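For reference, the structure discussed in these notes is given below.
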Amino acid sequence: MKRETREYHYDWNIWSIIENASRTGDGTRKEYDTLLKLIPHFRDSLDAVIRWGEPGTLLLKLLAQCLNAVLTAHEQGKKVALTTFCFAPPILHAFDVVPLVLEPMTVLGTFILQRGTGEYLDYCCEVGFTETSCSSQRGALGAYLAGLGVRPDFIICDSPGICDTNANSYAFASAYLDIPFYQLNYPPFLTGERASAYHRQDFRGLISFLEEQTGHTLDMDRLRQITAEIRRQSELITEINELQRIVPSPVPGIFNLFLYSGNFLMGGTPGFTDLLESMLKYIRGRAAQGLAGTRSGKERARGFFSYIDHYTTDLRFWTFLENRDISHLGCILSTFWQEDAPYSMEHPDAVYRVEDGDLDAMIDSLAMQVSRMPMIKSIRGPYDAPHMWLDDTLTMTRLLRADFVAYFGTIGCRNTWGMVKPYARDLERAGIPALILYADAFDDRVQSWDAVIDKMQEFLSLRKIGTGRPARRPWR
Amino acid sequence: MMEEMREAARALYHPLVRKWKEAGKTVIGYPCTFVPEEIIHAAGMLPYRMRGIGTTSLSIGDTYFGPVICSLPKCMLQLAGEHAYGFLDGVIITNGCDSMRRLNECWRKAGEDIPGILPGYFHYFGVPHKAASYSYEWYEEEIRELIKSLEEHFGVKVTEKALRKSIRLYNESRRLLQKLDDLRSGTEARMTGEDALTVILAGSAMPREEYTALLKTLLKDLKKALPIDKGRKRLMLVGSSNDDPEFVRLIEDSGALVVADSLCFGSRSYEDLTNEEGDPVASLSRRYLNQCRCPRMFGCYQDRLSLILDKAEKARVDGVILQNIRFCDLHGSENGIFERDLEARGIPCMRMEREYGPLVETGRIRMRIDAFLERIA
Ligand code: SF4
Ligand code: SF4
């Protein structure tokens, strides 16, 4: 790691950049345009977020708050939990524990820092990780292993049974930093009393762990407030999901990133509700005008990204789509399986419901919500089993009328690389053009962005997607 | 007797399996030590741990698996696709690790393209990643479902009496293997690591009764054998699956002796015994889920470190080779912390990433081992 990289704490560095970025939308347009000229390294990323007006600015302000909460947690006598994006944070908020979520921290570093997170990724390997481990944790974890950030008090991960390499990163961090570890562990299927009972018992184990770590018991009133917030948030997310089905889709592609990063970091908090409301205001406006969420307002193609997005420097992935009038219809990360989501209707047993009758009902709701989080739900079992990856993708692409499906992942993702070829073949057999990209969403060094673009363009042109000619999909 | 063991360790369809099949009996393949062999045995079948030996191409493995996947399950799929596993009447897949669990889909999909390669019985056995009251219950339930499905598919009955008998038999052979370990790692080692691995591998693919008898004779002979460790560095081999005695020979040809291991095709498969009292299914659940020796059981690093330290001390090792198959992040990353913690205690370590399959990297591996031996000389 370079000496200058060691000069700054990673979380402080990201916080200070975002804190400043969040104020850039407060001035006049002229001031903003002048500022962009002065920040050549940040300009594209900043503008990719701020140009959407209030929701973009609000997201940055909320992110700055989350980061500040991490930085000041210990001063305020709060505990910091190192955790994963697959884990829904409301239970942590209920215990007043501050979540430090690695993968969004990696995403932030990837698109904000001039040199990306390469040095932190590599630092993990210096201290023992295999270079083939998932980059989504390593990108930020390297900083924490190097002591360049707030020292977490304990670790909670819920990827065992879902993703080894993710769980392994957290287990490694626990052993390396010598801090307590709790794992939620998932069975290979989702529904049925056996799986639900397992989810519930495991989640109660987590509550005991949190009680032990914080010295507090679960606060019923606080939990009730959070439950009400989750209910409202689930309704708002459902409305966004509904609006996304309109042709053209009025939802700006980058709003998917807002949606899932918000939920991963601040699900259950009033701030996230505000963000969703602000996004909805914008989307409803576009829908009323019959405009697509792209910059031009036009839609030439609709894409569903069957796994994650691509985050390397400057958020170029979203700009690429926008410049080609391609609507980003979401990815696995933006599907949460709240009970009234359009995609939930056909799978009533695969959803979570928000119940607040008594303490047990609230705890069970949270357990169910966590067990339906992105990835946790859809890649725990065989990809072609009910409620799993293929089933979910077919449902989403049909409801959203997607013209194509593209897979972006990380090279460390054993789980999806273990099945993505047959999965893509099955999608093609169902009439859906499917593209596998051999890139790493967090690490340009694996495949350059130019190579990724070439592949995407080649695919779109070969499959005649977005050429103006209506593609022949089964649902058309 | 060693020759019989070698035959069983060297080939997939070796004479003892052939004999078993010719007698009209059933063989069930499984890929990971978290599958309870006792159940298959109690059903009157041969539990057969699948391997990926003898592959010369990955054309089929690579068609279904992605590029960044451990080559062990890929080699298994390749062999299945080439009908080399045609003698298996059934297969039990488990979620040992992510690469291995996707053998489920990849094998099924390959079966759609290559007729006759998917056994009629193909079962998924879901193993939790932690030991807690409810995960023991889960595992028990998995066992009961496994029994039911074997009974229904093959028209057999797994009685409690047969299960108890199988538990006793497996315990007996595991105790014998522990004794073999003593002879291998004692002050005067009497067996090479290559032969020890051969013996262990044979056990994963031959009828247990015959194996136990062979082990008894072998132990008697070994007690009379001369020590072989003089002037050789004593090493321990740790990490990803290794079912290749030639890899161990390569290490030993450089002047070392592999006197101990923590490998799942090694001592990890026999270090724990099953309680012979009480409900046999519950006892099996405890035995299999309590073993924290594989990093798939997350959050038990300290336990694994203690086990390795104890073993290293007992076997008086001069150094530890921490190896992993490429893309095996579980062992590969944990090896990184083992290296830190073992070196801090004065135990020299060497980390090595390698490919599973035919030893194509002999030169590189030998050079690294020579350098390590020089370091600890
Ligand atoms: S992207 Fe893949 S490897 Fe990374 S956390 Fe998700 S499932 Fe695991
Ligand atoms: S290393 Fe662990 S997961 Fe892999 S086969 Fe062995 S016991 Fe199973």
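Quick notes
- Subset of the stretch B:44-55 [more than 13 Å from ligand 2 (Cβ to nearest atom) and touching a strand residue (DSSP E or B) at 6+ places or on another chain (Cβ under 8 Å)]: B:Met45, B:Leu46, B:Pro47, B:Tyr48
- The set of residues in the stretch A:171-202 being more than 7 Å from chain B (Cβ to nearest Cβ), within 26 Å of the chain's Cα centre (by Cα) and of a type in the set (A, V, I, L, M) consists of A:Ala173, A:Leu177, A:Ile179, A:Leu184, A:Leu190, A:Ala195.
- Candidate set from the stretch B:346-359 (those that are outside any loop (DSSP other than H, G, I, E, B) and open to solvent by less than 50 Å² (accessible area, probe 1.4 Å)); member that is modelled with the lowest pLDDT: B:Arg354
Each row is one residue, and each column tells you yes or no for (1) open to solvent by less than 20 Å² (accessible area, probe 1.4 Å); (2) touching a helix residue (DSSP H, G or I) at 6+ places or on another chain (Cβ under 6 Å); (3) within 14 Å of another protein chain (Cβ to nearest Cβ); (4) among the polar types (S, T, N, Q).
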position: B:Asp261; (1), (2), (3), (4): yes, yes, no, no
position: B:Pro280; (1), (2), (3), (4): yes, yes, no, no
position: B:Ala344; (1), (2), (3), (4): no, no, yes, no
position: B:Glu361; (1), (2), (3), (4): no, no, no, no
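- So A:Leu390, is it without any contact (Cβ under 8 Å) to a residue 60 or more places away in the chain, within 14 Å of chain B (Cβ to nearest Cβ) and open to solvent by 10 Å² or more (accessible area, probe 1.4 Å): yes
- Per-region count, the stretch B:321-342, residues surrounded by 19 or more Cβ atoms within 10 Å (Cβ to Cβ) and in a loop (DSSP other than H, G, I, E, B): 2
- Evaluation of A:Thr106 against (1) closer than 15 Å to A:Phe172 by Cα; (2) open to solvent by less than 10 Å² (accessible area, probe 1.4 Å) (one fails), failing number: (1)
- Breaking point among (1) within 12 Å of ligand 1 (Cβ to nearest atom); (2) under 28 Å from A:Phe317 (Cα atoms); (3) in a helix (DSSP H, G or I); (4) modelled with pLDDT of 95 or more, for A:Ser159: (3)
- Residue within the stretch B:96-104 that is within 14 Å of chain A (Cβ to nearest Cβ), open to solvent by 10 Å² or more (accessible area, probe 1.4 Å) and aliphatic (A, V, I, L, M) present: yes
- Selected residue (criterion: modelled with the lowest pLDDT) from residues of the stretch B:122-132 that are more than 9 Å from chain A (Cβ to nearest Cβ) and surrounded by fewer than 19 Cβ atoms within 10 Å (Cβ to Cβ): B:Ala131
- Considering the conditions (1) crowded, with 24+ Cβ neighbours inside 10 Å; (2) at the interface with chain B (Cβ under 9 Å from one of its Cβ atoms); (3) assigned to a helix (DSSP H, G or I), A:Ala143 is excluded by exactly one of them, (2).
- Only one of B:Leu273, B:Leu237, B:Leu218 that is aliphatic (A, V, I, L, M), under 19 Å from B:Leu342 (Cβ atoms) and modelled with pLDDT of 95 or more: B:Leu237
- Selection of helices (runs of 4 or more DSSP H) fully inside the stretch A:196-304 by the criterion of at least 2 residues being surrounded by fewer than 17 Cβ atoms within 10 Å (Cβ to Cβ) and of a type in the set (Lys, Arg) returns A:220-243, A:270-288.
- Tally, over the stretch B:105-115, of residues that are open to solvent by less than 10 Å² (accessible area, probe 1.4 Å) and touching a strand residue (DSSP E or B) at 6+ places or on another chain (Cβ under 8 Å): 1
- Any pair with Cβ under 9 angstrom, 6 or more apart, that starts in the stretch A:299-315 at a residue that is assigned by TED's automatic domain parsing to the domain that holds A:Cys331 and ends at one that is basic (Lys, Arg) and surrounded by fewer than 24 Cβ atoms within 10 Å (Cβ to Cβ): A:Arg300/A:Arg324; A:Ala301/A:Arg324; A:Arg302/A:Arg401; A:His310/A:Arg316; A:Thr313/A:Arg115; A:Asp314/A:Arg43
- Taken over the stretch B:286-310, the criterion of being hydroxyl-bearing (Ser, Thr, Tyr), within 14 Å of chain A (Cβ to nearest Cβ) and farther than 16 Å from B:Gly239 by Cβ is satisfied by B:Ser306 alone.
- The single condition among (1) under 17 Å from the mean Cα position of the chain (by Cα); (2) farther than 30 Å from B:Arg287 by Cα that B:Gly52 does not meet is (2).
- Residue within the stretch B:66-73 that is open to solvent by 10 Å² or more (accessible area, probe 1.4 Å), touching a residue at least 40 places away in the same chain (Cβ under 8 Å) and facing another protein chain (nearest Cβ under 10 Å) present: yes
- Residue that is farthest from the other protein chains (Cβ to nearest Cβ), among those in the stretch B:133-159 that are of a type in the set (Gly, Ala, Ser) and open to solvent by 20 Å² or more (accessible area, probe 1.4 Å): B:Gly155
- Under the condition of being out of contact with any strand residue (DSSP E or B) (no Cβ under 8 Å at 6 or more places or on another chain) and either more than 30 Å from A:Asp349 (Cβ to Cβ) or more than 16 Å from ligand 2 (Cβ to nearest atom) (or both), the residues counted in the stretch A:152-168 number 1.
- Qualifying residue in the stretch B:162-183 (condition: modelled with pLDDT of 95 or more and not in a helix (DSSP H, G or I)): no
- A:Trp318 passes every criterion in (1) open to solvent by less than 10 Å² (accessible area, probe 1.4 Å); (2) at pLDDT below 95; (3) out of contact with any strand residue (DSSP E or B) (no Cβ under 8 Å at 6 or more places or on another chain) apart from (3).
- Looking only at residues in the stretch B:83-108 that are part of a helix (DSSP H, G or I) and closer than 25 Å to B:Glu152 by Cβ, the one that is nearest to ligand 2 (Cβ to nearest atom) is B:Arg101.
- Matching option when the condition is touching a residue at least 60 places away in the same chain (Cβ under 8 Å) and among the small types (Gly, Ala, Ser), among A:Ser174, A:Ser208, A:Ser159: A:Ser159
- The residue list B:Leu58, B:Leu118 contains one member that is surrounded by fewer than 22 Cβ atoms within 10 Å (Cβ to Cβ), within 24 Å of B:Arg354 (Cβ to Cβ) and more than 16 Å from ligand 2 (Cβ to nearest atom), which is B:Leu58.
- Long-range neighbours under 6 Å by Cβ, at least six apart or interchain, first residue over 20 Å from A:His199 (Cβ atoms) within the stretch A:342-354, second among the hydrophobic types (A, V, I, L, M, F, W, C) and open to solvent by 10 Å² or more (accessible area, probe 1.4 Å): A:Pro342/A:Leu399; A:Tyr343/A:Met396; A:Tyr343/A:Leu399
- Condition met for B:Gly29 (open to solvent by less than 30 Å² (accessible area, probe 1.4 Å) and not in a helix (DSSP H, G or I)): yes
The values are calculated or read from the model by the stated rules, or taken from the named source; none is laboratory data. The model shown is predicted, which means the values in this text are computed figures rather than measured ones. Cβ: placed from backbone, ideal geometry, glycine included. Neighbour counts: every protein chain shown. We work out accessible area using only protein heavy atoms, side chains counted, and drop any ligands, DNA or RNA first. Shrake-Rupley method; radii C 1.70, N 1.55, O 1.52, S 1.80 Å.
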